[in-house]
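Following: one structure in C-alpha cells, then a few remarks.
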Amino acid sequence: MNDSKELRFKQIIEENKLRIDGICRYYSSNSEDRKDLYQEILVNIWKSLDKFRGDSAISTWIYRIAVNTSLSFAGKAYRNMNLSIDQMPQSLNILLDNDELELKQKKEQQLEALEAELNQLSIIDKALISLVLEGLSMREIADIIGLTEPNVKVKIHRIKETLKQQLIKA
Amino acid sequence: MTTTINTPNLDLNQLIEGLRREDDRNQHLTNRFKWIMWVFAPLYFIFFLIMLYEGESILKELGFFFFSVSFLFFALIFRNLNNEYKTVDYGIPVTEMLRKAAQRYEIWQTKTAKAMFPAFFAAIGVALACQDMIPNIDDTTARIIVAFVVYSLMLGIGFGVGYLIWRKRQKPLRDHALRLLEELEK
C-alpha cells in the first residue's frame, strides 16, 4: 500500500509540477523561501493524499493545497509574501483590461508599478490574484477558495478596479 | 525586471523517505500513548478487584475503581482527538480549511468539556485512595476533602499552564484564520 501511495504521489507531482511552481513563484521573496514553500506544499500533498476521493479535479485539489499551505500559520517568511509577476503580456492583460489604459505602451513601467501595487494587497487578495494570473476560470477559483462564483467575480473585479485606480494615480 | 521560473531543485525520493519516517514516528508515538491508557484502565480495575478480594478499605477500593474509569475515558477521548489532529486535510476549499483551523484552535470546545469528566473521576480516585497520606487530620471526611482540593488545585495549575500555552501558540493561529475567513466572506 505504501508503494502505491508513493507511486501515486510521484505521478501527481510530475503532472502538476508547473501548477505548484506557478503558485510558488508568486510568493517568493527569495529563492530559499520559494524552495521552503514548494517543499511544504509537497509535504501537505503527501499528508492529504489518503483523503482525496476524486470529488474534485486533481488540478483543483492541488491548487487548494498550494493556497492553503501559503495561507497556513507556520510563521514562515512567505506569510508576508511579495507577489512577483513575470513579463508575459497576458499577465498584464488579465488584470488591467489594458485597452482602456493610457499607459498601455509603457509595459515595463506598468509591470513595476503593478508589482508594487500587488504587494500592497491583503494576503487574501494576493491569493485570489495569484489564481487569476494562473489563468484559472472564475468557476475554478470559486471551487478552490470555497466561495460562490458570483462572489469571486465581485471580489476580483473590485481588486482589479482598485489596481487600476492606484495605477492611474501613480 | 526578470523573474526566473525554475522548479526548486528537490530530491523527491529523499523527501518521501523523510515523510515516511515522520508518518511512522507519529504512528508509534500515538500508538504508545493510546496503549498506555488502554493498559492502565484494566490494570487499575484489576487492582480494584484485588482490593475487593483482600478486603481493603472501601475508600481505597472505590478510589481505584474511579482511577480505572478515568483512564478508560482518557483512552476514548484521546483516540478521537488523535484521529482529528492526524488528519488535517489541505485539499479542502480554503474557506473550509480556515473554518476548521479556527475550530481546532478554540480554547473551549465540547471535547475540552468531555476531558473534565476523566479529570474529575481521577480527582475522586486520588481523594479516596490517597486520603490516608494526609498528615495531622484525624477526620476521614476532612482528609478526603483536603486530598480532593489539593489534587484539584494541581489540575487547576495544569489548566492555567495549558491556557498560557494556548494563548501564546494557538490563539494567534486561530485569530489569523478568523481574520482571513472574515476577509474572504465579507
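Observations on the model:
- Scanning segment B:116-165 for residues that are acidic (Asp, Glu) and not in a helix (DSSP H, G or I), we see that the one that is surrounded by the fewest Cβ atoms within 10 Å (Cβ to Cβ) is B:Asp138.
- Tallying residues that are among the hydrophobic types (A, V, I, L, M, F, W, C) and at the interface with another protein chain (Cβ under 9 Å from one of its Cβ atoms) within segment B:144-180 yields 3.
- Residues being modelled with pLDDT under 75 and of a type in the set (A, V, I, L, M) - total across segment B:22-39: 1
- Restricting attention to segment B:168-186, the residues that are of a type in the set (Lys, Arg) and without any contact (Cβ under 8 Å) to a residue 12 or more places away in the chain add up to 4.
- Evaluation of B:Gly91 against the conditions (1) part of a helix (DSSP H, G or I); (2) within 30 Å of A:Ser48 (Cβ to Cβ); (3) more than 23 Å from the chain's Cα centre (by Cα) shows that the sole unmet condition is (1).
- Filter pass, B:Leu155 being among the aliphatic types (A, V, I, L, M), touching a residue at least 24 places away in the same chain (Cβ under 8 Å) and closer than 18 Å to B:Thr112 by Cα: yes
- Taking the criterion of being out of contact with any Phe, Trp or Tyr (no Cβ under 8 Å at 6 or more places or on another chain), among the hydrophobic types (A, V, I, L, M, F, W, C) and within 26 Å of A:Asn16 (Cβ to Cβ), the residues of segment A:130-158 that qualify are A:Val132, A:Met138, A:Ile141, A:Ala142, A:Ile145, A:Leu147, A:Val152, A:Ile156.
- Considering only residues in segment B:104-159 that are in contact with a helix residue (DSSP H, G or I) (Cβ under 6 Å, 6 or more places away or on another chain) and of a type in the set (Phe, Trp, Tyr), the one that is farthest from B:Leu178 (Cα to Cα) turns out to be B:Phe148.
- All positions within segment B:86-122 that are among the β-branched types (Val, Ile, Thr) and under 29 Å from B:Leu19 (Cβ atoms): B:Thr87, B:Val88, B:Ile92, B:Val94, B:Thr95
- Evaluation of B:Tyr44 against (1) at pLDDT below 75; (2) surrounded by 13 or more Cβ atoms within 10 Å (Cβ to Cβ); (3) in a helix (DSSP H, G or I) (one fails), failing number: (1)
- Scanning segment A:1-33 for residues that are of a type in the set (D, E, K, R), without any contact (Cβ under 8 Å) to a residue 12 or more places away in the chain and facing another protein chain (nearest Cβ under 10 Å) yields a total of 5.
- Odd one out for B:Ile134, checked against (1) without any contact (Cβ under 8 Å) to a residue 12 or more places away in the chain; (2) within 24 Å of B:Phe64 (Cα to Cα); (3) more than 19 Å from the chain's Cα centre (by Cα): (1)
- Only listed residue being surrounded by 12 or more Cβ atoms within 10 Å (Cβ to Cβ), assigned to a helix (DSSP H, G or I) and of a type in the set (A, V, I, L, M), chosen from B:Ala113, B:Ala101: B:Ala101
- Helices (runs of 4 or more DSSP H) fully within segment A:53-170 counting 3 or more residues that are modelled with pLDDT of 80 or more and of a type in the set (Gly, Ala, Ser): A:58-70
- Here is the figure for segment A:1-52: residues that are of a type in the set (S, T, N, Q), assigned to a helix (DSSP H, G or I) and under 19 Å from A:Ala127 (Cβ atoms) total 3.
The values are calculated or read from the model by the stated rules, or taken from the named source; none is laboratory data. Note that this is a predicted model, so its numbers are computed, not measured. Cβ sites come from the backbone with ideal geometry, for glycine too, and all protein chains shown count toward neighbours.
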